[in-house]
1. Give me the residue from the range 58-69 that is small (G, A, S) and not in a strand (DSSP E or B) and, out of that set, surrounded by the fewest Cβ atoms within 10 Å (Cβ to Cβ).
2. Kindly provide the set of residues from the range 58-71 that are hydrophobic (A, V, I, L, M, F, W, C) and at pLDDT below 95, ordered by number.
3. What number of residues within the range 1-57 satisfy the criterion of being aromatic (F, W, Y), surrounded by 16 or more Cβ atoms within 10 Å (Cβ to Cβ) and in a strand (DSSP E or B)?
4. Within the range 79-128, can you find the residues that are farther than 30 Å from I57 by Cβ and part of a loop (DSSP other than H, G, I, E, B)?
5. For the range 29-52, what are the residues that are under 20 Å from the mean Cα position of the chain (by Cα) and among the hydroxyl-bearing types (S, T, Y)?
6. Please enumerate the residues belonging to the range 73-99 that are under 12 Å from the mean Cα position of the chain (by Cα) and of a type in the set (K, R).
Amino acid sequence: MKYEYAEDIQKLAEEISKMLFPHVDLNNIKCFRSWGTSSRGTIARCHGLSKVMQKAIGIKAIYALEFLTERFEKMDNEDKIKVVIHELMHIPKTFGGGFKHHDFVTERNVNKCYVEYKRIKEKNDSTNTNSREFSNEKRNFNWI
């Protein structure tokens, strides 16, 4: 496997986080492209550092979002955004190194978040609001 920091996906993940997931510590999340996977059907992965490893090396939680280039880059923009949302949804509000599982991170919930993302983005684009103000936007859902 080969990994490369993905600045463009990082910016998208930060924008989405500011709008939908204000609990995500933007200093402790990094996005990467990877090449050479042998896994079938996987488009992206969310990696976290376990609590015991955080304590062992004396750091806070860190999450790495990996996007498998062979599949991710073939997707249209809407589906790429949904994949980023999906991976961010795995990060719990505690931002402690754990994960929300696929009983919560479902296609239905991802689509709800995507609709909310589009609503906030369109509102902010039409008023030319600075992206730093996204976290002040009142979200229509409290289940995240």
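The values are calculated or read from the model by the stated rules, or taken from the named source; none is laboratory data. Predicted model, so just to flag it, every value in this text is computed and none were measured. Heads up, the Cβs are rebuilt from the backbone with ideal geometry, glycines too, and the neighbour counts pull from every protein chain shown.
1. Per the stated criteria, the residue is G58.
2. I59, A61, I62
3. Result for the range 1-57: 1.
4. D103, T106, N128
5. Correct list: S34, T42, S50.
6. K80, K82
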